1. Applying the Karplus parametrisation 6.51 cos²θ - 1.76 cosθ + 1.60 with θ = phi - 60° to the phi angles of segment 302-315, what ³J(HN,Hα) value in whole Hz is obtained for each residue in order, glycine and proline being reported as x?
2. Which FRET efficiency, nearest 0.05, do Gln1046 and Asp103 yield, Cβ-Cβ r, R0 22 Å?
3. What is the Cα centroid distance between segment 552-631 and segment 68-139, reported in whole angstrom?
4. How big is the Cα convex hull of the chain in projection, averaged over all directions, in nm²?
5. Given the DSSP H assignment, sum -39500 (n - 2.57) over each helix run of at least 4 residues in the chain and divide by its residue total; what's the result at 222 nm in deg cm²/dmol, nearest 500?
6. Taking the Cβ-Cβ separation of Glu378 and Glu1073 as r and a Förster radius of 60 Å, what is the calculated FRET efficiency to the nearest 0.05?
7. Let me know the charge dipole size of segment 818-909 about its Cα centre in debye, to the nearest 20, where only the beta-carbon of Lys, Arg (+1) and Asp, Glu (-1) is charged.
8. For segment 194-270 and segment 808-873, what is the separation of their C-alpha centers, rounded to whole Å?
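Only the coordinates and a few stated rules stand behind these numbers; no lab work does. For clarity, every value in this text was computed on a predicted model and none was experimentally measured. As a convention, Cβ positions derive from the backbone with ideal geometry for all residues, glycine included, and neighbour counts pool all protein chains shown.
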Amino acid sequence: MKTASALTSGIPLTGSNLPDLLSHQAALRPDATAVDHRDTRLSYGELHRRSRDLGERLARLGIGPDTRVGLFTEPSLDLMVGAWGILAAGAAYLPLSPDYPEDRLRYMLEDSGTSVVVTQPHLRDRVTALAPRGTTVLTPQDAPPEGELAPAASAPAPDHLAYVIYTSGSTGRPKGVMIENRAVVNQLRWLADCGHLGPQVTVLQKTPMSFDAAQWEILAPAVGARVVMGAPGIHRDPEAVLAAVRAGGVTTLQCVPTLLQALLDTEEFASCTSLERVFSGGEALTHRLARDVLAELPGVSLINLYGPTETTINATAHQVDPEDLGGGASATVPIGVPVDGLSAYVLDENRAPVDIGESGELHLGGIQLARGYLGRPEQTAERFVDSPFAAGERLYRTGDVCLWNPDGTLQFVGRTDNQVKLRGYRVELEEVAARIEEHTWVRRAATLVTDDARTGHQALVACVELNPRTAAVMDQGAHGAHHQSKASKLQVKAQLSNPGLREPAELAGRPVIALPGREATPEQRRTAFARKTYRFYEGGPVTHADLLDLLAPRRAPRHPRPPADLSMDQLGSVLRWLGPFRSEERLLPKYSYASPGALYATQLHVESGGAAGLAPGVYYHHPADHTLVRVGDPSGHCPDGGLVLHFLGKRRAIEPVYRTNIQEVLEFETGHMLGVLEEVLPEHGLTVRPLGHFPAVRDTLDVADEDHYLGTFAITPDDGEPRRDSTELFVQAHPGRVEGLPGGQYRYREGRLEPLGQELIEPRHVIAINQGVYDRASFGISAVARPAEPWLEYIELGTRLHHLQRTPGFGFMSSGYSSKTGHPLPAARRLDDILGAAGIAGGASYFFLGGRVSAEQVASEGMREDAVHTKGPAEMIRDELARSLPDFMLPSRVLVLDALPLTANGKIDTKALATSPEVTAARTTGPYVAPATPTERRLAVTWGTALKYPDPADVSTEDNFFAGGGNSLIAVALVNRINREYGTKLPLQALFEAPTLRELAARVDEAPTTPVSRLIPLAREGGFTPVFCWPGLGGYPMNLRLLGGQVALDRPFFGVQAHGINAGETPYATIREMASADLRELRRVQPSGPYTLWGYSFGARVAFEAAWQLERAGEKVERLLLICPGNPEIRRADGQTWGRDASYTNPAYVTILFSVFAGTIEGPALDACLAATRDEESFVSSIGELLPALDTETIRRITRIVATTYEFDYTFRELAERRVEAPITVFKARGDDYSFLENASGYSAKPPVVVELEGDHYGVLKERGVAELVAAVREAMGS
C-alpha cells in the first residue's frame, strides 16, 4: 500500500536528500503551484530553478556540505527560495526569525559559526549589524558577479546536515540541534505515506520558522504539497489564521492546543470548509478540546503529534477517535505510536523496560535522531546514549515521562527535568533562570510555571534574590516590598494622600489666617519647576572650569531690616515658596524643594512675637491651603517683634515608604526648606539662622508623641555676613566625562580641586534603580558635614544640596547618605573608605550625582524626570530580559524575594519556592470576590464561558477581562451576547472602559441612562496629560490598541471613536464638525491644555483640524503627531490610478473600505470581496462572511462612516486659512501616496519633522511593525 501511495503521489522510492526530492517534483509537475504568498506564486519549476540559482551563488562562496548558512527572512517566497537554495548548495540552513531578540540572534550566528546569511533586501542592513564582522549577506535576488564560473553545487549525502535548530538550553544558552538529510527525508516520506502530504494537500505555513515544527510546512513541496505562506505573526492572530485558511483553500493545518482553542473561540472555525486534517502538537491535547474540535469540524481528521527537535519534527502520532474521548476536562489524548523508522522505549532509571501502565523515561531511536548538539559533545553524550537493545545504535533520552497504554499507544505523563511546554513552546526553566542570573543585580534566580486553578491561566514566573553588593535597595535589610517592585503603587498612593499635612480633625475649631499671595507669581512657578531632581543630563559636556564655577561661593548685596518690619503680604509671599505648584502635565504637585520619597513629611510651624501683624503664638503653616493655623501658645524662644521657625517631622507620613533613617531624611528635608528661605528672605532684608535644638518645643505644637522635633531657626536681619558653611565638598569626575579633569576623586578647597586618587563611588554603591542615572551623570559630589553642633549635620547637608540644585544649567539627584542610626547607604560607606585611605576624617555625608541639563528640561512642567522611578528592580530586570529572550520565554512576572529557599546542599529549593507566600499570591489574578448583585451573578457565567474558565461560574467581580486572556474578538462576541440577553445597547468600547466584571455589571445596570463616551481608554495609567489619537477611516480605534499599550509614555492613551459607530448616531458631514464634536468629548477628560494630539491615516486630518480649532480657542497644543497621513497607494494593473469617488463601482474605494476591516489591500480575500461587491448590501454581506464575529449592523455603521468621510479633504482655501503653532511630526509609511499636507505651505509655524518608516501603511500598527513606530514616536516625544 505504501508503494502504491508513493507511485501515485509522485514520491520517488529512491533519493535520500531533500534537493533530489524537489528536483523530482519539478520534473513531474513543473507548472503546478508549489508556493502561494499573497497574490504571487511560484511553480515547482520556478522554485527549483530559483533555488538552484541561489545554490550555485552560494557554491561560489565556498558553501558546501555541512556548512551552516543563516536564513533571516519573513514568511515569503524569499523564505522558500532561501531554504531550498541553501539545501541545493548541499549546505544546512539556520532559521533566524526576525521576531527574535537581537541578542539571541547574535548569539546563534556566532555560536553556529555561520559566515553567510541569506536575507531579504529590506532586512539586509539589520542582519549586517547583527552578524559577526566579515559575514557575507546576500538575497535571492542578488545577481552573481560577472565572469564567475559557477561550480556545480555539491549534492548532500544522506548524513549531511539539512538544518540546525536552536532550542532552549539548561545551561542558560540555547543549543543548536543538527538534523541530517536522511532524517528529514524519512519524516516527509512518512507524512506522504500516511496521506498527510501530497499533491492534493495545501499546507498553511504559519509556525515561526525557528521552531522545528515549521520545517515540514516549509519542506512540504518535496512531496508534492502546495504551501500557502502566512503573514508575519499570523500564529498569534486566530482571525488571520482562519482568513488565510479560507482564502488559500488550505486542507492541512497544524496548531498548538492553545491556538486551537483560540480558533474555536472565534466561532468562525466551522467556516473553514476546505480543512481535511488538523494536527495538534507542542503541548498536551485534552479530551475536552479534542471533542470541541471534532464537533466544530466533524469531517476533519484530528491527529495528535509528539516529537522533540532532537528526533526531527514528529516522532509519534495518534489519530483521534471521537469514541475514545470520554475522559474529564483534564484527561489527555495519547501521543500515539512511533512514526516509520523510529522505535520507542519506556525505561526505568537502569534503562530497563517498564511494564504496561508503569511510567518511565521515553527513549527514542532510529533514523530521525539528530546528529547531536552543535559544538557541545558533553551535552550530546548526555542525551544521546548507546542503546542497550541493539549494538551500534543510539537512543535519545527525551526527559519526558510516559507510559504504554494497553492498546499499544504512548501516554505523556510529565517531565523528569525542568523543561516545560508553555503555550506550545519548549522552555528550559534553567535557561531563563540562568539568563536572569547574568544580571549584575541578581544573586540567585529560579523560574517556575504557576497555574491559576480558578481562571485556568498558566504563567511563567521568575523569582529573584538580589545581591545587596550590586543591587542595594532603600532600607536594606529592613526594606519593604515596594523597594523591590513598584507594582503595588504604594509610594504613589502615599504621595497622592498628602501624608505630611496635618489632619483636618486636628485643626478643627482653631483660628485660621488666610495668607495673602495664594496664587503663585510667574517667577515662583518658573523657579519651582526648574528645581527638579534631574535623572537625565542633556545639557552638553561638563568642563573643569564649570565645576569650579559651580562650587564657588556667591555673594549678593544685602539690605538688612528687622523681622518686625515684615508685612503680612510679604510673609505670605515668603511662605508661598514652600507650597505646592500644580501642572496639567503632572500627577503630583511640584514643590520648590526636594523631599525624600516626595512625601513632604516635614512640617513648618511659625512662631510670632508680634511680627507681620500676627498675635504672639505658634502657627502651623498649611502649605496646600496657604494658611496659618494657631496651634499653641508662645514657646518662650521668640523675642518680641520676632519670627521663629520650628520644624517637625510627621512619622506616620514617612513610615509607609521608609523604615530606617527616618530622622535623617526628615532633617535633609528641613535643610532643603531652609535652602529655599535662604534664597528668598534676602529680598526682604532678612535671612534665617539656627537658634537651637529645644525638644520641649514639640509639646507646644500639639502633635503626636511619635513625631520628630527637628530644630528651631530664627528669622534675623540680613547683616551681610555669609552664613558659615560647615560642609566640606568632594568631587568625583567620572572617567572621560569632565573635560580637562581626569577621572578620580577630588577635594574642593580654597577654590581648587585637589586630587585624592582614582577611587570612585561606583554604580553598585548607589541604589539599584539609580544606577542608570549614574551612567548618565558626568560627576558626583559628596558633602561631608563639619558643624559645631551635631544636631545640624544632616540639616546643613540638605541646605547644601538645595543650593547646588538651584545652580542654572546643572541638575542633581541625591544618591546616598550616611546614618546616625546605623543604616548607612553603600555610597556613604564607600566614601568613608575613600576618605580614610586619604587620611581624611569622615562624617555625616550626602552624595549626589550631577550633570548639565538643557533649557527644555529646565522649562518642563512634566514628570519625565520622575517617570524613570515608576519601575523597581523587578520591572527593570524584566525589561532587560525582554532584550535577549523571545516573547514565549519572557516571564509574565518577576518576583523579588528577600531570599530564595535553599536545600541542604545549597541548591534552590523549587518545591518550597512554589509554595511560598509570594508565589502563591502570584498564582491568582487577584483575591476572589464573589458576585453579589443579580447582574454580577448572571454575568459571571457568561464571562466565565467566554474566557474558558475551568468552572464558568467561578468568576471574581475583580477579574480583569484582558488579564484573563480576553482579546478584541472575544470582546465583540461578549458584548453582542450581553446586548442580546439583557436588551441593552452597550457599545463595543464598554469592555475597554469597564474591564472588570464588577464594572461591566454596573454598566449593564446603568445602560439605559448612562451616556456613552467615544473616548476608548487603551492605556489607563500615567503621570502626564493624556494622548488623544484618532484612528483611520471608519473611526474604530481597535487597531490602535497595540500602539496605545506599547508606547509607554506614562500617559493615559485614548482612541477617539468616530461619531456614528454607536447605534443611533449619525456621522458628521464635514471634518470641521467631526473635530468640533470630538473636542467636546476631549474636554470632558482634559478641560484645558496643553493637549497632545495624534492621528493615524484619515485620523491625521481630524487631529490637524482639532489642533487648529483648539489653538483658535486660545488653548495650547503641546505636540501634533500625524501617523501615515497619506493613503496606501492603489493602482490599476496598467499602473494608472483610480479616482477618489466613494462608489462601489470604484475598485480603489472598495479596496480601501475592505482594508478598514481586514487591515490589508491585497490577497485572495480582497479579490473575492471585489468580485462580490455591487453595492452596500453586497459589501456588508461579504465582510460578514469574512468576519462572522462582527455583527451586520456594526459593519454597516462603519461602512457608512467611511462612505461619508472618504472624499473629505481640505480645499486649497481651507488649508491656506489654517496655521498650527504646535510642533508637528509626520510619520510616513513605506509606499504611501502624498498626504493632504504635502505640496502645501504655511500650515505650520515651524516646518514639520518627517520620519520615514520601513513599515507599510497597515503594518506599522500590527504586531510585526508596531515596534518601529513605537520607537519613532517615543523619540519624537522625547522619551
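1. 10, 10, 8, 10, 9, x, x, 3, 5, 10, 6, 6, 10, 9
2. Calculated transfer efficiency: 0.70.
3. About 66 Å separates the Cα centre of segment 552-631 from the one of segment 68-139.
4. 55.6 nm²
5. -9000 deg cm²/dmol
6. For Glu378 and Glu1073, the calculated efficiency is 0.25.
7. For this selection, approximately 240 debye.
8. About 56 Å separates the Cα centre of segment 194-270 from the one of segment 808-873.
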